[in-house]
Amino acid sequence: MGDKDQQGSPKKTVLIIKHGFSETCDHKISPIVSYGDVFRCTCLLEIFKDRHVSWITAIAAKELLAGNHLIDRLILADSPEDLGYGQLFEHYDTIINLEKQRDWCEFASALSAKKYYGFRDWAGIGADAFYSDSAAALGDALQRNGYRAFQETLFRTVGQEWAGQRYVLGYQPFVTEIYDVGLNYHVGPKWPTKAWPIGHWRELHRRLTDRNYAICWQQSLNSIRQYVEWIASCRLIVTTDSLGLHLGLALNKKMVALFGATASEQIYMYGHGIKLTPPCDRPCLPCFQARCDYEQSCMEYISVDTVVEMVELLRGAPRAPEGADLQIRPSKQRRPELISTV
């Protein structure tokens, strides 16, 4: 292999399997890559920065991980059959399988390693579905026994304690900040229930423009690198729970994040912004479903007034202290309540 640590000994080897056709904390498997779920797993790299790390990801997710200084070998494969001769080592010190498909579980289990973490079996969510040291963390997440920050779940999955480690972005943008507010309105086909109504976005644009903000709608949907450049060009991002939220956090942007179908508690804002949740009492929230059973989706209850107020609140505000997550629970009867969560 040739890689040695500072003492001249061969580096220990780690293989991470995360391509995004399943989400770590969700039961479903999809033909659509979840870019956000792939990217937020990069916080694990801080644990293994002194090791030789190989990462298997989907071909479509290449730009998310290419150039990452903590990944020594990026391997592109949508299925184990796509792997070519010589791409893998004969033995790894650690294998972390964060995909629950049958072929990848069988593939990971067949590899030689001293230690295994993550998903072991594709069937069900019982203890046998996970490697022993990962069973508590992944079992809690999939059965939704309370909500933790996703990073905490990942670190527990590999037997570590999360201490605020951040996402690691490989591509570094070149553009400077041009716009006051970026509207990250698009959601992928996998989670249409995450969308805020387009009419709300248009009204937000009008209201902020009236306040002399320079506004830019989401750009570069077909290129992750250009998408990163667009996010970098904005001082503040209004976003749904999507890849843009995580990229904005990685780029230290101020964020107003809108949640409904997914759990805001799973997103840690690193002190960069505010989370908004719908002021409606529905037992299904958060539902984690691709379709809503109601005529009016929960996201419609997040008002433009509240979003404008939060943008104004963050305008010129200093960065929040590390460890403080600010979540807003709007009310129809009173001003939004600002809650600091860990």
Exercise for the section: Would you check which residues across the stretch 42-84 are charged (D, E, K, R), within 22 Å of I29 (Cβ to Cβ) and touching a helix residue (DSSP H, G or I) at 6+ places or on another chain (Cβ under 7 Å) and list them? Expected result: D78
Completion exercise
Among the residues of the stretch 93-142, the number that are charged (D, E, K, R) and farther than 20 Å from T153 by Cα is 5
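Suppose we filter V38, V53, V14 for residues that are touching a strand residue (DSSP E or B) at 6+ places or on another chain (Cβ under 7 Å) and either surrounded by fewer than 16 Cβ atoms within 10 Å (Cβ to Cβ) or closer than 17 Å to K100 by Cβ (or both); which single one remains? Write out each step before concluding.
Numbers: V53 fails: either surrounded by fewer than 16 Cβ atoms within 10 Å (Cβ to Cβ) or closer than 17 Å to K100 by Cβ (or both); V14 fails: either surrounded by fewer than 16 Cβ atoms within 10 Å (Cβ to Cβ) or closer than 17 Å to K100 by Cβ (or both).
Testing whether each residue is touching a strand residue (DSSP E or B) at 6+ places or on another chain (Cβ under 7 Å) and either surrounded by fewer than 16 Cβ atoms within 10 Å (Cβ to Cβ) or closer than 17 Å to K100 by Cβ (or both) leaves just V38.
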Practice task
Starting from the stretch 277-298, keep only residues that are over 14 Å from F259 (Cβ atoms) and among the charged types (D, E, K, R), then list their pairs with residues that are at pLDDT 90 or above and not in a loop (DSSP other than H, G, I, E, B) whose Cβ atoms are within a distance under 9 Å, requiring at least 6 positions of separation or different chains.
Solution key: R291/P192; R291/T193
Completion exercise
Within the stretch 153-165, residues being in contact (Cβ under 8 Å) with a residue 60 or more places away in the chain and either of a type in the set (S, T, N, Q) or surrounded by fewer than 16 Cβ atoms within 10 Å (Cβ to Cβ) (or both) number 5
Practice task
Mind listing whichever residues of the stretch 195-230 are surrounded by fewer than 18 Cβ atoms within 10 Å (Cβ to Cβ), in contact (Cβ under 8 Å) with a residue 40 or more places away in the chain and among the β-branched types (V, I, T)?
Solution key: none
Problem - The one condition in (1) aliphatic (A, V, I, L, M); (2) at pLDDT below 70; (3) closer than 10 Å to L276 by Cα that I339 fails to fulfil - result: (3)
Exercise for the section: Name the strands (runs of 3 or more DSSP E) wholly inside the stretch 23-105 in which the number of residues that are farther than 22 Å from Q160 by Cα is 2 or more. Expected result: 73-76
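Answer yes if at least one residue in the stretch 217-232 is part of a strand (DSSP E or B) and either closer than 20 Å to M310 by Cα or among the aromatic types (F, W, Y) (or both), and no otherwise.
Initially, the stretch 217-232 is screened for residues part of a strand (DSSP E or B), giving 217.
Now drop any that are not either closer than 20 Å to M310 by Cα or among the aromatic types (F, W, Y) (or both), which leaves 217.
For the stretch 217-232, residues part of a strand (DSSP E or B) and either closer than 20 Å to M310 by Cα or among the aromatic types (F, W, Y) (or both): present.
The values are calculated or read from the model by the stated rules, or taken from the named source; none is laboratory data. Since we're looking at a predicted model, the values are computed, not measured. Counting neighbours? That spans all protein chains shown, and the Cβs are built from the backbone with ideal geometry, glycine included.
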